[in-house]
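Reading through the structure tokens given below for one structure.
The values are calculated or read from the model by the stated rules, or taken from the named source; none is laboratory data. None of these values were measured; they are calculated from a predicted model. Cβ placement follows ideal geometry from the backbone for every residue including glycine, while neighbour counts extend to all protein chains displayed.
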Amino acid sequence: MARHKMVNGEVIAFTAEEETARDAEEQAWEDGKIVRNALAEIRKLESQETPRRLAEALPDDAGGSADGRAWLKANRDKIILERAKL
């Protein structure tokens, strides 16, 4: 598919060099998809570690619970998996 650009209100077809450069830009964007998705997932997982969740992860004698600690460990394990994709 031929690409075009606007120059002074006129539609002009890309040159072969511009087509090649644009193809490279699009490939670079696609190649970065895994990293972008992993970083987004890490941000999402880290944002779930709220003060309430962290308090639940404390030892039982400090007001925490086994379920809270299990959740935190599982979430941290997910973060480790996402970081491995980087």
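Quick notes on this one:
- Among the conditions (1) assigned by TED's automatic domain parsing to the domain that holds Leu86; (2) among the acidic types (Asp, Glu); (3) exposed (fewer than 10 other Cβ atoms within 10 Å of the Cβ), the only one that Asp67 does not satisfy is (3).
- The residues of region 40-68 that are touching an Asp or Glu at 6+ places or on another chain (Cβ under 8 Å) and of a type outside the set (Gly, Ala, Ser), listed by number, are Glu41, Ile42, Leu45, Glu56, Asp67.
- Scan of region 15-57 for residues that are farther than 30 Å from Asp77 by Cα and either touching a Ser or Thr at 6+ places or on another chain (Cβ under 9 Å) or part of a helix (DSSP H, G or I) (or both), ordered by number: Ala16, Glu17, Glu18, Glu19, Thr20, Ala21, Arg22, Asp23, Ala24, Glu25, Glu26, Gln27
- Among the candidates Leu72, Leu39, residue that is at pLDDT 95 or above and hydrophobic (A, V, I, L, M, F, W, C): Leu39
- Among the residues examined, Gln48 does not qualify as over 13 Å from the mean Cα position of the chain (by Cα) and assigned by TED's automatic domain parsing to the domain that holds Ala2.
- Against the criterion of being in contact with a Lys or Arg (Cβ under 7 Å, 6 or more places away or on another chain) and of a type in the set (Asp, Glu), Glu19 qualifies.
- Check on Ile34, touching a residue at least 40 places away in the same chain (Cβ under 8 Å), in contact with a Lys or Arg (Cβ under 7 Å, 6 or more places away or on another chain) and not hydroxyl-bearing (Ser, Thr, Tyr): yes
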